[in-house]
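Have a look at the structure below, then the notes.
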């Protein structure tokens, strides 16, 4: 880059970063993610490192935070409340250690403290002779906003120290730095409460915490589930000040301050790197959001003697996790057709990296979600991707709108077949009801042969598409009439492959009735309802002859599901499928064997989430059902237990918010023994 281009880019970056600082720290309304902000700051640092003569005192690299809002009284901090430089890999941490070791060799033999980097709002608490006298935001690092009244409503902020009779005598003056945040389950419960009251819900816990603290009406702050963790002493006037970061945390805990329980001491930088990398996956075990880990030189005198680089203290650094949330442009909304005809909107995005993965599409859930969030084509939107979960759009960044965005109108006809779409009152989804829809046909057959239904090995989506294209399969029943000679004529089909496929299709005829009912792909009929229908009717002839009243007698089947079942069995194309299945001998009958043994889970509903080590997903459901229980797909107040494995996802958060007992697979077995 030429010198003038570099200078122009530097000035542009400074202006952009100043604007984002103002939005983040003053308005609590950021329009980009932390990851994107870090990348801008990293680019600015690089240019300034190449041209140190261009560094000015007002550069974003030389200060922390932003200017404070005029509506608050200003508070001068007793010492700068600074932010940290970032590391994004283990190599970055080692490079940081090597840099500061060149300034002081003691770094090579000192120990380190590792603490969670909380995703909240930094606050500064002032105490005089043990009494809480003032609380402030970080502001611009030198001057903050007086939010004393609001902080007094946060129950974990000590109003007098020590909080216990046997605590140490408080110093004459103590100023503590901490982070105010909201636990994940508290955030979910808050949004649920707001939604029930018809009020606006929030997109993330960090902005909610920040906005709650910076209210002129303290009663609003008091209504929010705010918490605080404290981790540093900014100013101290008294005897026996802590000499290390570890002693600081222990001292604050004795006084009655909440401190991060996850903080730990490590002897070498290699141990620190290993611990940071382990926390990338362990972060989900915490009740609150963190976006990294903070690495600190443990001896405070050594850390202080290392000084600063711009606004960053050399004695500490933040190890940032791969981004899980970023913002990008929503270029278009496309609609996919599922196996039951459900129309699902998906976002077409300006490509963006999240956690090392380039994301180009994300789910928008349903059309109601688009309307509720007021998501428009052309919006800058916030995208989230946690672990291996499919990315989804959290919502629009309304403050970034230019006026060119276009409101989205759901389609009135199916995008695949052009037939009109329908909507059942009371349901979220819109449907294509044409069973001959090409996309539905492929998806229906894919579901019919899947592991959870008839488990026909060797029939993946690509082969299903190949059979449909070759006009060898019009519907799932045609699988039982496949001709060996014609299969051998298809590309990629050798004799062994064909024989194995035909053998697997023949073996599927021995699957139980419940699996066949589930395989039919009736809207609203999952594994649990399929098992109930099989038990109630015993065969497909009886089920096909059932009326609305017969169906609604079955527990868990309401008017909508009953109507969907009746619609499916009344459709001519589906009647044709049933005739072909019966002719092929694919017509299982439910036996009414007496149930032997105890039924400890009778009357109890379970949700299974995450990956279990000793059960497959089908296996754990069969285990629970064999003991009299039911396995359902979503968490509600009617659930008895949630069985959670590795990477449990949002169902675990919802269960905790509703107070539903959560057990692992060992707990499930123990429950079966004790009930």
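The values are calculated or read from the model by the stated rules, or taken from the named source; none is laboratory data. Fair warning: this is a prediction, and the values are worked out from it, not measured in the lab. Reconstructed Cβ throughout: ideal geometry from the backbone, glycine too, with neighbour counts over all protein chains shown.
To keep it simple, each residue is scored yes or no on (1) surrounded by fewer than 19 Cβ atoms within 10 Å (Cβ to Cβ); (2) assigned by TED's automatic domain parsing to the domain that holds residue 188; (3) modelled with pLDDT of 95 or more.
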position	(1), (2), (3)
203	yes, yes, no
209	no, yes, no
217	yes, yes, no
221	no, yes, no
231	no, yes, yes
258	yes, yes, no
273	no, yes, yes
279	no, yes, no
Quiz item: Can we say residue 287 is in contact with a helix residue (DSSP H, G or I) (Cβ under 7 Å, 6 or more places away or on another chain), closer than 18 Å to residue 171 by Cα and surrounded by fewer than 21 Cβ atoms within 10 Å (Cβ to Cβ)?
Solution: no
Exercise. Kindly indicate which of 396, 415 is in contact with a helix residue (DSSP H, G or I) (Cβ under 8 Å, 6 or more places away or on another chain) and not assigned by TED's automatic domain parsing to the domain that holds residue 31.
Key: 396
Quiz item: Which residue, of 228, 220, 233, is without any contact (Cβ under 8 Å) to a residue 60 or more places away in the chain, within 20 Å of residue 160 (Cβ to Cβ) and over 20 Å from the mean Cα position of the chain (by Cα)?
Solution: 233
Self-check item: Which listed residue is over 27 Å from residue 39 (Cα atoms) and surrounded by fewer than 17 Cβ atoms within 10 Å (Cβ to Cβ), from 336, 346
Solution: 336
Self-check item: Count of residues meeting criterion [crowded, with 20+ Cβ neighbours inside 10 Å and at pLDDT below 95] in the range 86-99
Solution: 1
Exercise. Hey, could you check the range 139-177 for residues that are in a strand (DSSP E or B) and surrounded by fewer than 20 Cβ atoms within 10 Å (Cβ to Cβ) and say which is nearest to the chain's Cα centre (by Cα)?
Key: 177
Quiz item: Out of all the residues in the range 392-422, which are part of a loop (DSSP other than H, G, I, E, B) and either under 23 Å from the mean Cα position of the chain (by Cα) or over 15 Å from residue 370 (Cβ atoms) (or both)?
Solution: 397, 401, 402, 403, 404, 412, 414, 415, 416, 417, 418, 419
Practice problem: Report the residue count in the range 111-170 for those that are free of Cβ contacts under 8 Å to residues at least 24 places away in the same chain and either over 28 Å from residue 297 (Cα atoms) or not assigned by TED's automatic domain parsing to the domain that holds residue 208 (or both). | Solution: 5
Exercise. Among what's in the range 622-656 and is without any contact (Cβ under 8 Å) to a residue 24 or more places away in the chain and assigned to a loop (DSSP other than H, G, I, E, B), pick the residue that is surrounded by the fewest Cβ atoms within 10 Å (Cβ to Cβ).
Key: 637
Exercise. Given the conditions (1) surrounded by 13 or more Cβ atoms within 10 Å (Cβ to Cβ); (2) more than 42 Å from the chain's Cα centre (by Cα), report the number of the one that residue 537 does not fulfil.
Key: (2)
Self-check item: Wholly within the range 210-309, helices (runs of 4 or more DSSP H) carrying at least 1 residues that are closer than 30 Å to residue 322 by Cβ
Solution: 245-255, 269-282, 300-305
Practice problem: Give the residues of the range 516-529 that are modelled with pLDDT under 90 and part of a helix (DSSP H, G or I), sorted by residue number. | Solution: 527, 528, 529
Quiz item: In this structure, does residue 180 turn out to be touching a residue at least 12 places away in the same chain (Cβ under 8 Å), out of contact with any helix residue (DSSP H, G or I) (no Cβ under 6 Å at 6 or more places or on another chain) and not in a helix (DSSP H, G or I)?
Solution: no
Self-check item: residue 194 vs. criteria out of contact with any strand residue (DSSP E or B) (no Cβ under 7 Å at 6 or more places or on another chain), in a helix (DSSP H, G or I) and at pLDDT below 85
Solution: yes
Quiz item: When you scan the range 355-368, how many residues do you find that are within 19 Å of the chain's Cα centre (by Cα) and touching a residue at least 40 places away in the same chain (Cβ under 8 Å)?
Solution: 1
Quiz item: Out of curiosity, is residue 420 farther than 20 Å from residue 353 by Cβ and surrounded by 11 or more Cβ atoms within 10 Å (Cβ to Cβ)?
Solution: yes
Practice problem: Confirm whether residue 362 is buried (at least 17 other Cβ atoms within 10 Å of the Cβ), within 25 Å of residue 652 (Cα to Cα) and modelled with pLDDT of 90 or more. | Solution: yes
Practice problem: Please give the number of the condition residue 285 fails out of (1) under 27 Å from residue 209 (Cβ atoms); (2) touching a residue at least 40 places away in the same chain (Cβ under 8 Å). | Solution: (2)
Quiz item: For residues in the range 423-447 being in a loop (DSSP other than H, G, I, E, B), more than 27 Å from the chain's Cα centre (by Cα) and under 18 Å from residue 345 (Cα atoms), which is modelled with the lowest pLDDT?
Solution: 424
Quiz prompt | Filter result (free of Cβ contacts under 8 Å to residues at least 40 places away in the same chain and crowded, with 21+ Cβ neighbours inside 10 Å) within the range 298-329 | solution = none
